[in-house]
Amino acid sequence: MEATAQRRYLEGKYPSQPIYNWLDQQKEKDSRWIVAREWDDDNALTHLLWMTPEQVENWIQFSDCVLNDVTHKTNRYRMALSLLVGFDQNCQNILLAQALLADENPAVDVAIMKIFSTTYPIHYAFHITQNLHKNL
């Protein structure tokens, strides 16, 4: 599937089941794809993460410094879009993985700290200030 068609899926122009089906088909064609998804007790999607084979190879080579750029609830499903970005040997940005997350669960932050124990979060002051103005 080309980038335009994949983007249409993510923009919510199709029901979510075709996204799962398409990702499953990609994994069946090439076992190097990584697809992880989970639902809560109410059968609501809590996360959907995927990596293409090229992204997996790039992760192995270039995951020393990774930025998790999260856009919160701007899509029709009100889920956070997480883009894991690194940089290659030419200092060019590369997309290493992408995920849709239900961010209601604070355990996500704890899991990230546990899995990536040598990392620490950096929060953008701009976004913190925006949220302060919205919520105060």
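The values are calculated or read from the model by the stated rules, or taken from the named source; none is laboratory data. As the structure is a computational prediction, the values presented were derived from the model and not from experiment. Please note: Cβ atoms are built from the backbone with ideal geometry, for glycine as well, and neighbour counts cover all protein chains shown.
Give me a count of the residues in region 78-90 that are surrounded by 13 or more Cβ atoms within 10 Å (Cβ to Cβ) and within 16 Å of LEU101 (Cα to Cα).
6
When region 20-59 is examined, which residues are found to be assigned to a helix (DSSP H, G or I), in contact with a Leu (Cβ under 7 Å, 6 or more places away or on another chain) and either under 25 Å from ARG78 (Cβ atoms) or of a type outside the set (A, V, I, L, M, F, W, C) (or both)?
GLN55, ASN58
Evaluate the following for LYS73: is it in contact with an Asp or Glu (Cβ under 9 Å, 6 or more places away or on another chain) and charged (D, E, K, R)?
So LYS73 fits the description; yes.
Pull up region 32-61, narrow it to residues that are out of contact with any strand residue (DSSP E or B) (no Cβ under 8 Å at 6 or more places or on another chain) and aliphatic (A, V, I, L, M), then point me to the one that is modelled with the highest pLDDT.
ILE60
With the structure loaded, tell me whether LEU100 is modelled with pLDDT of 85 or more and in contact with a Leu (Cβ under 6 Å, 6 or more places away or on another chain) or whether it fails that test.
So LEU100 passes the test.
Please identify the pairs in which a residue from region 37-50 that is closer than 13 Å to ILE19 by Cα has its Cβ atom under 7 Å from the Cβ atom of a residue that is among the β-branched types (Val, Ile, Thr) and in a strand (DSSP E or B), counting only partners at least 6 apart or on another chain.
Correct list of pairs: TRP50/ILE34; TRP50/VAL35.
Pick from region 47-61 the residues that are aliphatic (A, V, I, L, M) and buried (at least 17 other Cβ atoms within 10 Å of the Cβ): which of them is farthest from SER31 (Cα to Cα)?
LEU48
Exactly one condition in (1) surrounded by 11 or more Cβ atoms within 10 Å (Cβ to Cβ); (2) in a loop (DSSP other than H, G, I, E, B); (3) at pLDDT 85 or above is not met by ASP64; state its number.
Here ASP64 clears every test but (1).
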